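Participant: Here it is: the structure, laid out below.
The values are calculated or read from the model by the stated rules, or taken from the named source; none is laboratory data. Values in this document were obtained by computation on a predicted structure and should not be read as measured data. Cβ: placed from backbone, ideal geometry, glycine included. Neighbour counts: every protein chain shown. When the accessible area is computed, the model is the full protein with side chains, heavy atoms only, and any ligands, DNA or RNA have been set aside. Shrake-Rupley method; radii C 1.70, N 1.55, O 1.52, S 1.80 Å.
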Amino acid sequence: MARRGTTEQDVLNIVMNAGECGVIQSELWKTITADSREGSRAILRLERKKLIQRKKELFDGRWTYRVSAKRRIPKVATIIAIPCSFCDFDNRCSDAGTVSPNKCNKLTFWLTTLVINNSE
Ligand code: SF4
């Protein structure tokens with residue numbers, strides 16, 4: 001017997017691994033072992049949870065949806081860019097400590113740059 005939520009998890013894994021371009025919904029059913037009815041329900045649940053988004057698209061002469069993840073799998077390069085990743089003070093850094101994220105210039109600069117780059 002299938003585990004409850006298996007289809008939902010399968011769909012989310014496939015969509016997240018598809019990256020920014022997403023996956024055509026009608027092609028998705030060929031990848032997972034669910035029929036289109038079961039798969040459609042999983043898609044709607046994921047959409048309600050705001051984990052995926054759908055855009056209508058004409059594919060092979062038929063209207064379908066392109067499904068893409070709202071959240072991306074973080075890439076190693078993104079994690080490496082976080083100043084805390086290789087900070088010499090990471091084991092002494094805490095909210096209440098003398099070394100703190102609240103007072104950190106490196107972290108503030110990195111976050112500010114991130115905000116500026118994402119607003120352009
Ligand atoms: S917040 Fe600043 S001091 Fe603390 S670990 Fe990150 S980079 Fe280091």
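Participant: Check which residues have an amide H placed less than 5 Å from Y65's amide H, if you skip close sequence neighbours.
Facilitator: Q25, S26, E57
Participant: Shifting gears a bit: Kindly state, to the nearest 0.05, the FRET efficiency for K70 paired with K106, given R0 = 25 Å and r defined as their beta-carbon distance.
Facilitator: Numbers: r = 29 Å, r/R0 = 1.17.
Efficiency, rounded to the nearest 0.05: 0.30.
Participant: So if R0 is 30 Å, what FRET efficiency would K55 and V115 give, r being the distance between their Cβ atoms, rounded to the nearest 0.05?
Facilitator: Numbers: r = 27 Å, r/R0 = 0.89.
Efficiency computed from Cβ-Cβ geometry: 0.65.
Participant: If I model a spin label as a point 7 Å beyond the Cα along the Cα-Cβ vector, how far apart are those points for E47 and K30 in nm?
Facilitator: Each label point lies 7 Å from its Cα, and together they span 2.2 nm.
Participant: OK, next. Is segment 76-119 best put as rounded, prolate or oblate by its Cα gyration tensor, with a ≥ b ≥ c the root eigenvalues, rounded for a/c under 1.5, and otherwise prolate when a/b is larger than b/c, oblate when not? Don't skip to the end; give the middle numbers.
Facilitator: On the way: a/c = 3.26, a/b = 1.51, b/c = 2.16.
Oblate is the answer for segment 76-119, as a/c is 1.5 or above yet b/c matches or exceeds a/b.
Participant: Across 5 Å bins from 0, what is the distribution of all Cα-Cα pair distances for segment 6-69, in whole percents?
Facilitator: Going from the shortest bin to the longest, the percentages are 4, 21, 33, 28, 12, 2, 0.
Participant: Then there is this: If amide hydrogens are placed 1.01 Å from N in the peptide plane, which non-local residues have theirs closer than 5 Å to the one on I52?
Facilitator: E47, K70
Participant: If you only keep lysine pairs separated by 8 or more in sequence, or across chains, how many in the chain come under 18 Å at the Cα atoms? Numbers along the way, then the final one.
Facilitator: Working: K49/K70; K50/K70; K55/K70; K56/K70.
Here the count comes out as 4.
Participant: Ratio of alpha-carbon Rg to the 2.2 N^0.38 Å globular estimate for the chain, to two decimals, please. Could the numbers behind the result be given before it?
Facilitator: Values: Rg = 20.2 Å, N = 120, 2.2 N^0.38 = 13.6 Å.
Normalised Cα radius of gyration, the chain: 1.49.
Participant: Using +1 on the beta carbon of Lys and Arg, -1 on that of Asp and Glu, and nothing else charged, what's the dipole of the chain about the Cα centre, debye to 20?
Facilitator: About 440 debye.
Participant: In whole Hz, with x marking every Gly and Pro, tabulate ³J(HN,Hα) for segment 87-98 from phi via Karplus 6.51 cos²θ - 1.76 cosθ + 1.60, θ = phi - 60°.
Facilitator: Per-residue couplings from phi come out as 7, 5, 9, 4, 7, 10, 8, 7, 4, 9, x, 5 Hz.
Participant: If you roll a 1.4 Å probe over the heavy atoms of the protein chains, what accessible area per residue do you get for segment 6-69, in Å²?
Facilitator: Solvent-accessible surface per residue comes out at 64 Å².
Participant: May I pose another question? Enumerate the calculated ³J(HN,Hα) couplings along segment 52-60 in order (Karplus 6.51 cos²θ - 1.76 cosθ + 1.60, θ = phi - 60°), each rounded to whole Hz, writing x wherever the residue is Gly or Pro.
Facilitator: For segment 52-60, the Karplus-derived couplings read 9, 9, 10, 10, 5, 8, 7, 10, 6 Hz, x marking Gly and Pro.
Participant: Choose one of W110, Y65, N91: the residue whose Cα lies farthest towards the positive end of the charge dipole of the chain (beta-carbon charges +1 Lys, Arg; -1 Asp, Glu; about the Cα centre).
Facilitator: Of the listed residues, the answer is Y65.
Participant: Calculate one ³J(HN,Hα) per residue across segment 16-23 by plugging θ = phi - 60° into the Karplus curve 6.51 cos²θ - 1.76 cosθ + 1.60, and present them in order as whole Hz with x for glycine and proline.
Facilitator: 5, 6, 6, x, 5, 6, x, 9
Participant: So what is the relative contact order of segment 7-90, in percent, for Cα pairs below 8 Å that sit 6 or more residues apart? List each step's numbers first, then the result.
Facilitator: Working: 100 pairs, mean separation 28.1, N = 84.
After rounding, I find 33 percent.
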